[in-house]
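Chemist: Sending over a structure as structure tokens; questions will come in a sec.
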Amino acid sequence: MAPTPCPALHWDLFCRVVDNYGDIGVCWRLAADLAGRGHTVRLWVDDPTALAWIAPDGTPRVQPIHWTDATPLPEPGDVVIEAFGCDPPAAFVAAMAACPRPPAWINLEYLSAEPYVERSHRLPSPQASGPGARLIKWFFYPGFTAATGGLLREPGLVATQAAFDAPRWLAANGIAPHPGERLVSLFCYPGAPLAALLGRLGDAPTLLLTTPGPATDGVAGLPLPTAVRVQPLPWLSQAGYDRLLWACALNLVRGEDSFVRAQWAGAPFAWHIYPQHDGAHAAKLDAFLARHLQGAPAALGAAIGAWMRAWNGLQPELPPLPDLQDWAAHTRRWRDGLCAQPDLTTQLLAFVCEKR
Ligand code: TRH
């Protein structure tokens, strides 16, 4: 049966910046994607600072709202998304409950390839008490399989990337690789084995493009192999960062949103996973690797897996880089498989239309 077309809806998307930029990065992607499909979005964010570089020009139909305890609360829209379990204000939830037709209420969760995601996706959480008593909050999980909510992938992404003029974009952004130099982007947390990375990159002429923060700070002062040059970058807009990923031969990414965007870029990537004190990130990385490397030639799969585990300090020594051409071919196959699945926003729209 064809999915019911969803009318243009009014969305309230709540985001708390816990740390770094992934919370607001994911929420901005979702808000912009919804707006691109004709919906209007109020993006409530407790710390909008990063929007100044993530989305310097904003986008039509997305209204960022600096969310503080004093922010006046309007009537809820048609859909309320709380990102990563950040509770909307109690008075807002009470207003939702008082609506003749309450908004669909969705908790958009973190991305993981672990099996609990398929079990938990689309589960209801009936509210037994509190301001939202009798409302149902629904869990919506991004993921890599058909039994999950999929990944954010705005319409037109593949075509835009295919038409991308890398040399022109690089020149416009002051990035001038020498002839024969490969480009590598670096976005990581503190603690990445950067000295070992530089050593491994030294096997071929490389221009390493470092992002602000731990990447640029961590590389500064380290001895460089003769084949490696380093260029620190300013913060780019999200659209600019995407293009950086499209232009590079290898992308070292982190967190959630840059990790997903590297997969759409289709170039070899390594994920620096957000480290958790209880060590839970190791299982999360391994769950991703198991899925991602399924179907890769055995030696290549083992090499990519070992490299990513070592990049995350989960095995002692950073091995030589896997062959970048073979790695690229595998990454493109993986991307094509993901592209065959419906994207997260499409699935979210169908879910909302079903539940309203
Ligand atoms: O910044 P991150 O590490 O974010 C998060 C948070 O740590 C969060 O608490 C954690 O739970 C989550 O990861 C898993 O990495 P991420 O998700 O890649 O977010 C970075 C965002 O910044 C992403 O939207 C891309 C964007 N970005 C730019 O727009 N320009 C840039 O120049 C760079 C380097 C990134």
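Chemist: For each of 121, 10, count neighbouring Cβ atoms within 10 Å of the residue's Cβ, then give the residues from fewest to most.
Modeler: With the fewest neighbours first, 121, 10 line up as 10, 121.
Chemist: If each of residue 70 and residue 324 carries a label point 7 Å out from its Cα toward its Cβ, how far apart are those two points in nm?
Modeler: 5.2 nm
Chemist: Under the 0.36 nm per residue contour assumption, what length would be gained going from the current alpha-carbon distance of residue 176 and residue 98 to full extension?
Modeler: Working: separation 78, 0.36 × 78 = 28.08 nm, distance 5.83 nm.
My answer for the length gained is 22.2 nm.
Chemist: Please give the direction-averaged projected area of the C-alpha convex hull for the stretch 128-251, in square nanometres with one decimal.
Modeler: Over every viewing direction, the Cα hull of the stretch 128-251 projects on average to 12.3 nm².
Chemist: What is the log10 of I(q)/I(0) for the stretch 257-356, computed with the Debye formula using one identical point scatterer on each Cα and no solvent, at q = 0.15, 0.16 Å⁻¹?
Modeler: Ignoring solvent entirely, the Cα scatterers give -0.68, -0.75.
Chemist: Calculate the length of the line joining the C-alpha centroid of the stretch 165-202 to that of the stretch 87-112, in whole Å.
Modeler: So the two Cα centres are separated by 42 Å.
Chemist: Pull out a ≥ b ≥ c, the square roots of the eigenvalues of the alpha-carbon gyration tensor of the stretch 157-339, then state rounded if a/c is under 1.5, prolate if not and a/b is larger than b/c, and oblate in the remaining case.
Modeler: In terms of gyration-tensor shape, rounded.
Chemist: Oh, and also: The chain: Rg/Rh from Cα coordinates, Kirkwood Rh?
Modeler: That ratio equals 0.98.
Chemist: Additional query: How do the peptides 35-42, 148-155, 258-265 rank, highest first, by the average count of neighbouring beta carbon atoms within 10 Å per residue?
Modeler: Details: 35-42: 18.4, 148-155: 20.9, 258-265: 23.6.
For the peptides 35-42, 148-155, 258-265, the packing ranking is 258-265, 148-155, 35-42.
Chemist: Between residue 169 and residue 229, what is the spin-label point distance in nm, taking each point 7 Å from the Cα along the Cα→C-beta axis?
Modeler: 2.0 nm
Chemist: Sticking with this structure for a sec: What is the spread of the Cα atoms of the stretch 278-331 along each of their three principal axes, largest first, in whole Å?
Modeler: Per principal axis, max minus min of the Cα coordinates gives 35, 23, 15 Å.
Chemist: Now a separate question. Quick one: compute the contact order of the stretch 292-331, relative version, from alpha carbon pairs under 8 angstrom and 6+ residues apart, as a percent.
Modeler: Answer for the stretch 292-331 is 36 percent.
Chemist: Hey, another quick one. Relative contact order of the chain: what whole-number percent is it, with Cα pairs under 8 angstrom and at least 6 residues apart?
Modeler: After rounding, I find 16 percent.
Chemist: Find how many whole Å separate the alpha carbon centroid of the stretch 1-74 from the alpha carbon centroid of the stretch 221-253.
Modeler: The distance from the Cα centre of the stretch 221-253 to that of the stretch 1-74 comes to 28 Å.
Chemist: Tell me, Kirkwood radius of the stretch 148-192 from alpha-carbon pair distances, in Å?
Modeler: 14.0 Å
Chemist: Shape verdict for the stretch 15-167, please, from the Cα gyration tensor: rounded (a/c under 1.5), prolate (a/b greater than b/c) or oblate.
Modeler: On the way: a/c = 1.90, a/b = 1.30, b/c = 1.46.
Oblate, because a/c is 1.5 or more while a/b does not exceed b/c.
Chemist: Right, something else. Among bridges DSSP assigns within the chain, what percent are antiparallel (round to 5)?
Modeler: Values: 3 of 44 bridges.
Expressed as a percentage, antiparallel bridges in the chain total about 5.
Chemist: Arrange the following residues from fewest to most other Cβ atoms within 10 Å of their Cβ: 224, 123. Display every interim value, and only then the final one.
Modeler: Numbers: 224 15, 123 12.
Exposure proxy ranking, most exposed first: 123, 224.
Chemist: To continue, here is another question. Along each of its three principal axes, how wide is the spread of alpha-carbon positions in the stretch 93-139, in whole angstrom units, largest first?
Modeler: The Cα atoms of the stretch 93-139 stretch 37, 17, 13 Å along the principal axes, largest first.
Chemist: Also, quick follow-up: Would you compute, from DSSP H runs of 4+ residues alone, the mean residue ellipticity of the chain at 222 nm, taking -39500 (n - 2.57) per run and dividing by the full residue count, rounded to the nearest 500?
Modeler: -11000 deg cm²/dmol
Chemist: Using a Förster distance of 22 angstrom, determine the FRET efficiency expected from the C-beta separation of residue 237 and residue 159, and round it to 0.05. Mind showing how you got there, number by number?
Modeler: Details: r = 20 Å, r/R0 = 0.90.
My answer for the efficiency is 0.65.
Chemist: Place a point 7 Å from the Cα of residue 52 along the Cα-to-Cβ direction; which residues of the stretch 216-260 have their backbone N under 16 Å from it?
Modeler: Those under the cut-off are 234-238.
Chemist: Now a separate question. How far apart, in nm, are the 7 Å Cα→Cβ label points at residue 354 and residue 332?
Modeler: So the label points at residue 354 and residue 332 sit 3.5 nm apart.
Computed from the coordinates by the stated procedures, all read-outs in this text should not be read as laboratory data. Quick caveat, the model's predicted, so the values are computed rather than measured. Methodologically, a virtual Cβ is constructed for each residue, glycine included, from the backbone with ideal geometry; neighbour enumeration extends over all protein chains shown.
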